[in-house]
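Structure record follows, encoded as structure tokens.
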Amino acid sequence: MFTAHKKAFIALTVIALVAPIGISTPAQAETFAFASAPLTNLNPAGDTINGGFTKFPTKAGMYIQQCIAPVGAARPVTCDDVNQLWVTGTGEPGSSISTGAIKVKISGSITGKGVTVDCTTTQCGLFFRLDRTAGTDTSEDKFLPITFRAGAPAPTLPADEITVTLNGTALVRNMPSNLAYRAVAKIVATAKSGLPITFTSLTPECSYADGTLTALKGAGQCALGYATAGNATTAAATGNFPFILTPGAQKIGTLPKSLKVGSSKSLPKLSNFGEVVMYMTSSKSCSIKANVLKASKPGTCVLDYHAEAKAGMWQMSNGSVKIAIK
């Protein structure tokens, strides 16, 4: 909480503009309000802007980045590749919650997409925009200028380029992917700098160990955080990958394709998630008692199976198989 004589309050009101035909815009644009310590006389060697939202959009979360001043209605062409703050109204995994303290790291120089800008001589500021859930919606775009006091900015190192895949598919920072309960999820990562990458599960709904991410629930969300330490030539990198958790695929194991007349076969008692498997048959060529299938006479045994679902964990598994009795 800032004292009254130190707090600078910035109320941001976005006015809806007439859009070209074919583009849908809300009848009335949402507004947000952000209060912070002064945005002037900042330390060029690195500083933190402490603030908070007093009003937050309901349609999506927001990204906050240090960027150069935009030209006209266009978004800034250069923004800090290293520090991007994601804020949501519900505190989604990997984000800052809009009702809490907001801390934005800034510097006297930034690097974005290979371009380095000295913010002590070029106008820079905080750029607010809606997050990836409304990426083309510019109704909340807002630029707040910042200034730095005299002094040399800290040397700007190029941002590291981190590539992360899940089972061979590239992940995108701050872009949710689906992850099923207990599904195989192999994480492979490389850093352009060659530096080691540290991964951490940011929520208890998932765990991470030895290159494997595991969903411990089949509903909700989790996030995988990553970080590199940086070195003399490359800036440290941090970020996260959010996941939407989905029910696991329940399986009952292998069932026989054929049996000899007079023989019996024990079938799986439990599914891969420990759920009891129920079997039924009305065929005259076979009979089932508990999980033991007995072949009675030549023909086709139609066997039905069923394993219950568990809410928030896994799906129901049911079906039937045809078994040749010879």
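Classify the stretch 219-262 from the C-alpha gyration tensor, please: rounded if a/c falls under 1.5, else prolate or oblate depending on whether a/b exceeds b/c. Don't skip to the end; give the middle numbers.
Working: a/c = 10.44, a/b = 3.05, b/c = 3.42.
Here the stretch 219-262 falls in the oblate category.
To the nearest 10 square angstrom, what accessible area does Tyr279 show with a 1.4 Å probe?
20
Can you tally the net charge around Thr214? Count Lys and Arg as +1, Asp and Glu as -1, for every other residue whose Cβ sits under 13 Å from the Cβ of Thr214. If you can, show how the numbers build up before the last one.
Details: positive: Arg182, Lys186, Lys217; negative: Glu205, Asp210.
Around Thr214, the charge tally is +1.
Grab the other residues whose beta carbon is less than 9 angstrom from that of Leu245, score K and R as +1, D and E as -1, and report the net. If you can, show how the numbers build up before the last one.
Values: positive: Lys217; negative: Glu205.
Once all neighbours under 9 Å are counted, the net charge is 0.
Put one equal scatterer on each alpha carbon of the stretch 21-170, apply the Debye formula with no solvent term, and list log10 I(q)/I(0) at q = 0.08, 0.13, 0.19 1/Å to two decimals.
-0.24, -0.64, -1.23
Given labels modelled 7 Å from the Cα in the Cβ direction, how far is it in nm from Lys322 to Ala219?
Modelled inter-label distance: 3.8 nm.
Once fully extended, how much extra length lies between Lys260 and Ala45, figured as 0.36 nm per residue of separation less the alpha-carbon to alpha-carbon distance?
Difference between extended and current length: 69.4 nm.
What does the extension gain come out to for Lys294 and Thr147, with contour length at 0.36 nm per residue minus their alpha carbon separation?
44.7 nm
Could you give the spread of the C-alpha atoms of the stretch 142-184 along their three principal axes, from largest to smallest, in whole angstroms?
Rounded to whole Å, the extents work out to 54, 26, 15 Å.
What pairs in Lys105/Lys217; Lys217/Lys294; Lys186/Lys265; Lys59/Lys251; Lys59/Lys113; Lys186/Lys251 have C-alpha atoms more than 31 Å from each other? Working shown, then result.
Numbers: Lys105/Lys217 34 Å; Lys217/Lys294 37 Å; Lys186/Lys265 36 Å; Lys59/Lys251 38 Å; Lys59/Lys113 29 Å; Lys186/Lys251 20 Å.
From Lys105/Lys217; Lys217/Lys294; Lys186/Lys265; Lys59/Lys251; Lys59/Lys113; Lys186/Lys251, over 31 Å: Lys105/Lys217; Lys217/Lys294; Lys186/Lys265; Lys59/Lys251.
For the stretch 120-213, what is the convex hull (Cα atoms) projected area averaged across all directions, in square nanometres?
Taking a quarter of the hull surface, the average projection is 9.5 nm².
What is the Å³ per residue value for the convex hull set by the Cα atoms of the chain?
Convex hull of Cα atoms, per residue: 187 Å³.
What Rg and what Dmax come out for the stretch 249-326 when only alpha-carbon atoms are used, in angstroms?
Rg, Dmax (Cα atoms, Å): 12.9, 43.
Report, in debye and to the nearest 20, how large the dipole of the chain comes out about its Cα centre when Lys and Arg carry +1 and Asp and Glu carry -1 on their Cβ.
Dipole size: approximately 1840 debye.
The values are calculated or read from the model by the stated rules, or taken from the named source; none is laboratory data. Since the structure is predicted, the reported quantities are computational estimates derived from the model, not experimental observations. Note that we place each Cβ from the backbone using ideal geometry, even for glycine, and neighbour counts take in every protein chain shown. The area values use the complete protein model at the heavy-atom level, side chains included, leaving out ligands, DNA and RNA. Shrake-Rupley method; radii C 1.70, N 1.55, O 1.52, S 1.80 Å.
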